[in-house]
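A.B. asks: Input: one structure, supplied below.
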Amino acid sequence: MTCRCLLGALWLVLMSLGLKIAPAAASDAFELPQQLSVSSTDQQVDLGAAAYSLEDTAGTLGINDVLSGSNLDWQKVEEAVPSFGYTESAYWLRVVVKNDTSAPRQMLLMVGYALLDHIDLFAINAEGELLQTYSTGDAYPFDTRYFPHREFLFPLEMAPNAIQTLYIRLESSSSLQAPMRLVDAEEFTRLDHRTSLLQGFYYGSMVVMALYNLFLFFSLRRADFIMYVAFLCSFIGFQFSMSGLAFQHIWPQAVVWNQIAISFFLGLTLMWMALFIRQFLRLREREPVIDRLLVVMAGLGGVMTILSLFLPYNQTIFPLLGLALTLNSLAMIMGIKRSLTGDRSAQFFTLACFMTLLGALVIVVSKVELIPRTFFTEHALQIGTLLEVMLISFALGEYVNQQRKARSEAEKRHSLQLEDQVRDRTSELERTMQLLENANQKLQQQTFVDELTGLHNRRYFNQRLEQDFNQASRTASPISLIMIDVDHFKGINDTHGHQVGDLCLKHIAGVMGNFPRRASDTLARYGGEEFIVVLPGTDLAAALMIAEKIRAHVAAAPLSYRNRKSGARESIAMTISAGVACLIPAADQLEDELLRHADEALYRAKLSGRNQVISHSATTLP
């Protein structure tokens, strides 16, 4: 049941493209022509229901033959749109219209099917005089049309209360149909403006989606996207040719190419569609038989594309339409089958196909007048195909997300398996790696950390001073430096020994390390019994206050240790001297100048009696 419904819906799509299997004219006996009145309130009037048709199997009848012939087999048209299928016969249509007002009317006869090869119009008044005649069709250069429009437009001058009989001769290698209506000239301008906006939005959106997927292809390098871009470009060419816009805007003089463009682009569309479906639904792994069938269909589409350059339109369009019906049916069935497995990308794909079928169904139902014909129903197929393109783009995005998720999960599983194998089989290697890691960390610590005190070493200090100094230069902010020296340290070493001297340095480093400071400040051992503090963003007054607090903390915290010889507890009081310097670096200044200023201030502090803090601004060296 589902398959039959699907095939029926796809058949409607083909009907909307112009394929008619049987003539629509009635076989009733000839009736007198109905008269179609056009009142002052009528802005547009459909002519199909009031038309009569005459088949000219030889294609030799002229207007004089039609006017003079009394035994001609005119048939009443029973459909809103006269349609005669694919036929080698010419057909005549006759409509009698009356201007039912006391004022002249400027009307346009619009034949809304752009693929008619030959269309001739003859307007006859009530006295049998020929008022107007026009000949055009897509078998002629575009500039033969009275109005430069994608559809066929003919001006009609309707005198007050006058009757005109319109004779229209049709002949074409495409499906022979003639959706006819009379439209007030001003009303047509309004409707055509709205339709042009929709056409611009439709084709603009299609081009944007093609470019969007092309960018995704360049970004992701996935074959799905380039196949979809090729399909979109082919479909845009097909639609542009079908609507007559290509003949109007791109190749108005290329009559021969215009006759084959539809078959050419339809063949390309079907070829890329088949390749895209097999790639997108991953049928090679899941449905190998269907995959091979789609490859064959893609090949047939390519062959028909080439043959369309050499064979007449009516010899290529039927195989292409059959291929389109089969391919669309297969796509829908495979999409539904994959959707039932919970595949979200396939669900988007199936919904996209359904949108196009729904649009085609709306058009067909409106054509047979089961629902009112509105602006929406007239353009339902374009709306459906635009939604299809957008949904398939979403499907591609969802497909990529699924692939990424599956790849991520596979990588995770593989990683876990690999970790288990490594854990089970290379425990010794792990221990070795741990030892190497510990050695590396120790080496890193030795590189930037002083081994005795645990503070940063001079190498680290030099790097940080250069960075902080350059930052202060760029931001024009102050940077301060405190250079510290342990007072009488040589005497401590000489009196108590170098081991106790080392304890003193570690003790002072601990006191200064516990002193509150910012994360941006740097405390380092500069060398021997010298320490140094970098204070970025700190002015001289604040730096002096910090240095004084450090000095006071060290003075108030003597070292207590156990004498190894006597075993008694002993205490050593220690003091420090500090030199403070501050700069707001200029562009041409170096950090060496700040270091020199701090060193000079420290020298002055030691000369002045030690256990004190002196700034460079208060220093005057002899």
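A.B. asks: Which condition breaks for residue 72 when tested against (1) closer than 19 Å to residue 59 by Cβ; (2) not in a loop (DSSP other than H, G, I, E, B)?
C.D. replies: It is condition (2) that residue 72 fails.
A.B. asks: Checking the conditions here, which among 434, 499, 471, 441 is closer than 24 Å to residue 615 by Cα and of a type outside the set (Phe, Trp, Tyr)? Don't jump to the end; show me each part of the working.
C.D. replies: Values: 434 fails: closer than 24 Å to residue 615 by Cα; 499 fails: closer than 24 Å to residue 615 by Cα; 441 fails: closer than 24 Å to residue 615 by Cα.
Just one listed residue meets the conditions, 471.
A.B. asks: Something else: What are the residues in the stretch 317-345 that are more than 22 Å from residue 302 (Cα to Cα), open to solvent by 30 Å² or more (accessible area, probe 1.4 Å) and in a helix (DSSP H, G or I), if any?
C.D. replies: 333, 336, 337, 338, 344
A.B. asks: In addition: What pairs come out if I take residues in the stretch 331-344 that are polar (S, T, N, Q) and pair them with residues that are open to solvent by less than 50 Å² (accessible area, probe 1.4 Å) and in a helix (DSSP H, G or I) whose C-beta lies under 7 Å away, six or more apart or interchain?
C.D. replies: Final answer for the pair search is 339/346; 339/350.
A.B. asks: Tally up the residues in the stretch 472-490 that are open to solvent by less than 30 Å² (accessible area, probe 1.4 Å) and under 25 Å from residue 575 (Cα atoms), please.
C.D. replies: The qualifying residues number 9.
A.B. asks: Can you pull out every residue in the stretch 314-327 that is of a type in the set (S, T, N, Q) and under 18 Å from residue 262 (Cα atoms)?
C.D. replies: First, the residues of the stretch 314-327 that are of a type in the set (S, T, N, Q): 314-316, 326.
Selection gives 314, 315, 316.
A.B. asks: Take residue 599 and tell me if it is surrounded by 13 or more Cβ atoms within 10 Å (Cβ to Cβ), of a type in the set (Asp, Glu) and in contact (Cβ under 8 Å) with a residue 60 or more places away in the chain. Walk me through it before giving the result.
C.D. replies: Details: surrounded by 13 or more Cβ atoms within 10 Å (Cβ to Cβ): yes; of a type in the set (Asp, Glu): yes; in contact (Cβ under 8 Å) with a residue 60 or more places away in the chain: yes.
In short, yes.
A.B. asks: Which residues, taken from the stretch 141-178, are crowded, with 18+ Cβ neighbours inside 10 Å and of a type in the set (D, E, K, R)?
C.D. replies: Those that are crowded, with 18+ Cβ neighbours inside 10 Å and of a type in the set (D, E, K, R): 145, 150, 151, 169, 171.
A.B. asks: Would a scan of the stretch 484-499 turn up a residue that is at pLDDT below 75 and either under 30 Å from residue 566 (Cα atoms) or not polar (S, T, N, Q) (or both)? Give the steps one after another, and end with the answer.
C.D. replies: Keep residues of the stretch 484-499 that are at pLDDT below 75, which gives none.
No: the stretch 484-499 contains no residue that is at pLDDT below 75 and either under 30 Å from residue 566 (Cα atoms) or not polar (S, T, N, Q) (or both).
A.B. asks: I need the full set of residues from the stretch 305-342 which are under 32 Å from the mean Cα position of the chain (by Cα) and within 13 Å of residue 270 (Cα to Cα), in order please. Steps first, please.
C.D. replies: Just the residues of the stretch 305-342 that are under 32 Å from the mean Cα position of the chain (by Cα), to begin with: 305, 320-321, 323-342.
Of everything in the stretch 305-342, those that are under 32 Å from the mean Cα position of the chain (by Cα) and within 13 Å of residue 270 (Cα to Cα) turn out to be 305, 320, 321, 323, 324, 325, 326, 327, 328, 329, 330, 331.
A.B. asks: Looking only at the stretch 547-572, count every residue that is outside any strand (DSSP E or B) and out of contact with any Lys or Arg (no Cβ under 8 Å at 6 or more places or on another chain) and tell me the total.
C.D. replies: First pass over the stretch 547-572, keeping only residues outside any strand (DSSP E or B): 547-558, 563-568.
Imposing the further condition that a residue be out of contact with any Lys or Arg (no Cβ under 8 Å at 6 or more places or on another chain) reduces the set to 547-558, 564-567.
Number satisfying all stated conditions: 16.
A.B. asks: Of all helices (runs of 4 or more DSSP H) completely enclosed by the stretch 420-534, which ones contain at least 3 residues that are under 57 Å from the mean Cα position of the chain (by Cα)? Show your work before the answer.
C.D. replies: Numbers: elements: 427-448, 458-475, 489-496, 498-513.
It comes to 427-448, 458-475.
A.B. asks: Kindly list, by first and then second residue, each pair from a residue in the stretch 517-535 that is of a type in the set (A, V, I, L, M, F, W, C) to a residue that is assigned to a loop (DSSP other than H, G, I, E, B) and modelled with pLDDT under 90, limited to pairs with Cβ atoms under 6 Å and residues at least 6 apart or on different chains.
C.D. replies: Short answer, once both residue conditions are applied: 523/455; 524/455; 535/521.
A.B. asks: Follow-up question, since we're still on this one. Residue 85 versus (1) part of a loop (DSSP other than H, G, I, E, B); (2) open to solvent by 40 Å² or more (accessible area, probe 1.4 Å): which is the lone unmet condition?
C.D. replies: Looking at each condition in turn, residue 85 falls short on (2).
A.B. asks: Does residue 468 satisfy the criteria of being of a type in the set (Asp, Glu), within 30 Å of residue 590 (Cβ to Cβ), at pLDDT 85 or above and open to solvent by 10 Å² or more (accessible area, probe 1.4 Å)? If you could, list the steps in order and put the result at the bottom.
C.D. replies: Numbers: of a type in the set (Asp, Glu): yes; within 30 Å of residue 590 (Cβ to Cβ): yes; at pLDDT 85 or above: yes; open to solvent by 10 Å² or more (accessible area, probe 1.4 Å): yes.
Against the criterion (of a type in the set (Asp, Glu), within 30 Å of residue 590 (Cβ to Cβ), at pLDDT 85 or above and open to solvent by 10 Å² or more (accessible area, probe 1.4 Å)), residue 468 qualifies.
A.B. asks: Within the stretch 129-140, can you find the residues that are open to solvent by 70 Å² or more (accessible area, probe 1.4 Å), under 25 Å from residue 67 (Cα atoms) and either β-branched (Val, Ile, Thr) or part of a loop (DSSP other than H, G, I, E, B) (or both)?
C.D. replies: Correct list: 129, 133.
A.B. asks: Can I ask one more? Is there a residue in the stretch 586-594 that is more than 28 Å from residue 470 (Cα to Cα) and either at pLDDT below 90 or out of contact with any Leu (no Cβ under 7 Å at 6 or more places or on another chain) (or both)? Give the derivation first.
C.D. replies: We begin by selecting, within the stretch 586-594, every residue more than 28 Å from residue 470 (Cα to Cα); these are none.
No, the stretch 586-594 has no match at all.
A.B. asks: Before we move on, is residue 236 closer than 30 Å to residue 404 by Cβ and assigned to a helix (DSSP H, G or I)? Working first, answer last.
C.D. replies: On the way: closer than 30 Å to residue 404 by Cβ: yes; assigned to a helix (DSSP H, G or I): yes.
So residue 236 passes the test.
A.B. asks: Does residue 603 fit the bill of being in contact with a Leu (Cβ under 7 Å, 6 or more places away or on another chain), closer than 27 Å to residue 495 by Cβ and not in a loop (DSSP other than H, G, I, E, B)? If you could, list the steps in order and put the result at the bottom.
C.D. replies: Values: in contact with a Leu (Cβ under 7 Å, 6 or more places away or on another chain): no; closer than 27 Å to residue 495 by Cβ: yes; not in a loop (DSSP other than H, G, I, E, B): yes.
Against the criterion (in contact with a Leu (Cβ under 7 Å, 6 or more places away or on another chain), closer than 27 Å to residue 495 by Cβ and not in a loop (DSSP other than H, G, I, E, B)), residue 603 does not qualify.
A.B. asks: What about residue 466, is it free of Cβ contacts under 8 Å to residues at least 12 places away in the same chain and among the acidic types (Asp, Glu)?
C.D. replies: On the way: free of Cβ contacts under 8 Å to residues at least 12 places away in the same chain: no; among the acidic types (Asp, Glu): yes.
Considered against the rule, which asks whether it is free of Cβ contacts under 8 Å to residues at least 12 places away in the same chain and among the acidic types (Asp, Glu), residue 466 comes out as no.
Residue by residue, here is whether (1) aliphatic (A, V, I, L, M); (2) free of Cβ contacts under 8 Å to residues at least 60 places away in the same chain; (3) open to solvent by less than 80 Å² (accessible area, probe 1.4 Å) holds:
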position: 553; (1), (2), (3): no, yes, no
position: 575; (1), (2), (3): no, no, yes
position: 579; (1), (2), (3): no, no, yes
position: 604; (1), (2), (3): no, yes, yes
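A.B. asks: So for the stretch 168-182 (the condition being without any contact (Cβ under 8 Å) to a residue 12 or more places away in the chain and either of a type in the set (Phe, Trp, Tyr) or outside any helix (DSSP H, G or I) (or both)), does at least one residue qualify? First the steps, then the outcome.
C.D. replies: Taking the stretch 168-182 and keeping what is without any contact (Cβ under 8 Å) to a residue 12 or more places away in the chain, we get none.
Taking every residue of the stretch 168-182 in turn, none turns out to be without any contact (Cβ under 8 Å) to a residue 12 or more places away in the chain and either of a type in the set (Phe, Trp, Tyr) or outside any helix (DSSP H, G or I) (or both).
A.B. asks: Any idea which of (1) open to solvent by less than 30 Å² (accessible area, probe 1.4 Å); (2) over 30 Å from residue 535 (Cβ atoms); (3) hydrophobic (A, V, I, L, M, F, W, C) is the one residue 455 doesn't satisfy?
C.D. replies: Unmet condition: (2).
A.B. asks: Could I ask something else about it? Picking from 108, 54, 116, 121, which residue would you name as being at pLDDT 85 or above, out of contact with any helix residue (DSSP H, G or I) (no Cβ under 9 Å at 6 or more places or on another chain) and outside any loop (DSSP other than H, G, I, E, B)?
C.D. replies: Details: 108 fails: out of contact with any helix residue (DSSP H, G or I) (no Cβ under 9 Å at 6 or more places or on another chain); 54 fails: out of contact with any helix residue (DSSP H, G or I) (no Cβ under 9 Å at 6 or more places or on another chain); 116 fails: outside any loop (DSSP other than H, G, I, E, B).
Every option except 121 fails the conditions.
A.B. asks: Out of 221, 181, 190, which single residue is on the phi > 0 side of the Ramachandran plot, open to solvent by 10 Å² or more (accessible area, probe 1.4 Å) and basic (Lys, Arg)? Spell out the reasoning first.
C.D. replies: Numbers: 181 fails: on the phi > 0 side of the Ramachandran plot; 190 fails: on the phi > 0 side of the Ramachandran plot.
Result: 221 is the single residue among 221, 181, 190 that is on the phi > 0 side of the Ramachandran plot, open to solvent by 10 Å² or more (accessible area, probe 1.4 Å) and basic (Lys, Arg).
A.B. asks: What residue, among those in the stretch 193-208 that are surrounded by fewer than 19 Cβ atoms within 10 Å (Cβ to Cβ) and among the hydrophobic types (A, V, I, L, M, F, W, C), is farthest from residue 242 (Cα to Cα)?
C.D. replies: Per the criteria, the residue is 208.
The values are calculated or read from the model by the stated rules, or taken from the named source; none is laboratory data. What you are looking at is a predicted structure, and each value in this text was computed from that prediction instead of being measured. With ideal geometry, Cβ positions are generated from the backbone for all residues, glycine too; neighbour counts draw on all protein chains shown. Accessible surface areas use protein heavy atoms only, side chains included; no ligands, DNA or RNA. Shrake-Rupley method; radii C 1.70, N 1.55, O 1.52, S 1.80 Å.
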